[in-house]
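These notes concern the structure reproduced below.
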Amino acid sequence: QDAVDVKYELGHIFVRDRGHRIFIFDANGKGLAKIDRKGQGAHEYVHIESFDVSHIDSTVCLFVFPPRLMYFDMKGRFLKERKMDVRGEDFALVGQDKIAVFTDNLNSTVDHRANQLELWDLNAGNSMGFLPGYRWLAGGTMPSFQQRRVFTSTAGSECLLVHPLSNNIYRI
């Protein structure tokens, strides 16, 4: 199937396809593993929203629906999962115990503008919101634009987000 996301991390190539699978290749393109847990049973997902690779423990972390994080080793073996209280389209691991989630343009009102970016502390179980949403503009009829959100890791424990529409770059 068609690739929708490709990353090169830790000397490996990771490809997410439209079939909600992750393929892992070595630097020469040799297939090493596949993560394919689509379903509605235990340790399965309906679809993958995004994925990232941890430089700290060499795990592949999937942000899936229903909302949770699923962790796999580099051989595609399931390790653990963690339920989340946030939905989003893209996410990035930030250091050892934090994640950044781009929540897209959730429905909101003038009085309550949902944040587009949430930074979650996985140990404390709380989050901080950034980038107020804009769907409340024009009486709530502003469409949700589907420009690609881009998280990328830096050499340290932070990441960068290229925000849609504004094309601003944020360091997290």
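The values are calculated or read from the model by the stated rules, or taken from the named source; none is laboratory data. Keep in mind that what you see is a predicted model, and the values were worked out from it rather than measured. Positions of Cβ are generated from backbone atoms using ideal geometry, with glycine treated the same way; all protein chains shown enter the neighbour counts. Heads up: the accessible areas ignore ligands, DNA and RNA and are worked out on the full protein's heavy atoms, side chains in. Shrake-Rupley method; radii C 1.70, N 1.55, O 1.52, S 1.80 Å.
Only one of the numbered conditions (1) modelled with pLDDT of 95 or more; (2) open to solvent by 30 Å² or more (accessible area, probe 1.4 Å); (3) in a loop (DSSP other than H, G, I, E, B) is not met by D111, and that is (1).
Residues in the stretch 35-44 that are touching an Asp or Glu at 6+ places or on another chain (Cβ under 9 Å) and at negative phi were compared, and the one that is most open to solvent (accessible area, probe 1.4 Å) is K38.
Inclusion of A92 among residues that are modelled with pLDDT of 90 or more, open to solvent by less than 30 Å² (accessible area, probe 1.4 Å), over 25 Å from L161 (Cβ atoms) and in a strand (DSSP E or B) is not warranted. The residues on offer are L10, L32, and the sole one that is at positive phi, open to solvent by 40 Å² or more (accessible area, probe 1.4 Å) and not small (G, A, S) is L10.
Taking the stretch 56-97, which residues are touching a residue at least 60 places away in the same chain (Cβ under 8 Å) and out of contact with any Gly (no Cβ under 9 Å at 6 or more places or on another chain)? The answer is M74, E89, D90, F91, A92, L93, V94, Q96.
Of all residues being assigned to a loop (DSSP other than H, G, I, E, B) and of a type in the set (D, E, K, R) in the stretch 13-29, which is least open to solvent (accessible area, probe 1.4 Å)? Just the residue, please.
Here is the first cut: in the stretch 13-29, the residues assigned to a loop (DSSP other than H, G, I, E, B) are 18-21, 27-29.
Of the ones still in play, those that are also of a type in the set (D, E, K, R) are 18, 21.
On the way: R18: 144, R21: 52 Å².
Going through the qualifying residues, I end up with R21.
One residue is enough: does the stretch 66-85 have a residue meeting the conditions modelled with pLDDT under 90 and surrounded by fewer than 15 Cβ atoms within 10 Å (Cβ to Cβ)? Yes, the stretch 66-85 contains at least one residue that is modelled with pLDDT under 90 and surrounded by fewer than 15 Cβ atoms within 10 Å (Cβ to Cβ).
Residue under question is S50, and the condition is that it be part of a loop (DSSP other than H, G, I, E, B) and in contact with a Leu (Cβ under 8 Å, 6 or more places away or on another chain); does it hold?
Answer is no for this residue.
Take G129 and decide whether it is surrounded by 15 or more Cβ atoms within 10 Å (Cβ to Cβ) and at pLDDT 75 or above. Yes: the conditions hold for G129.
Cβ-Cβ contacts under 7 Å between residues 6 or more apart (or on different chains), taken from a first residue in the stretch 23-36 that is without any contact (Cβ under 8 Å) to a residue 60 or more places away in the chain and closer than 23 Å to F63 by Cα to a second residue that is surrounded by 13 or more Cβ atoms within 10 Å (Cβ to Cβ) and of a type in the set (G, A, S), are listed as I24/A33; I24/G76; A33/G76; K34/G76; I35/G76. Would you check if Y71 is out of contact with any strand residue (DSSP E or B) (no Cβ under 7 Å at 6 or more places or on another chain) and in a strand (DSSP E or B)? For Y71, the condition - out of contact with any strand residue (DSSP E or B) (no Cβ under 7 Å at 6 or more places or on another chain) and in a strand (DSSP E or B) - is not met. Residue under question is F102, and the condition is that it be out of contact with any Cys (no Cβ under 6 Å at 6 or more places or on another chain) and either over 23 Å from V53 (Cβ atoms) or at pLDDT 90 or above (or both); does it hold? So F102 does not fit the description; no.
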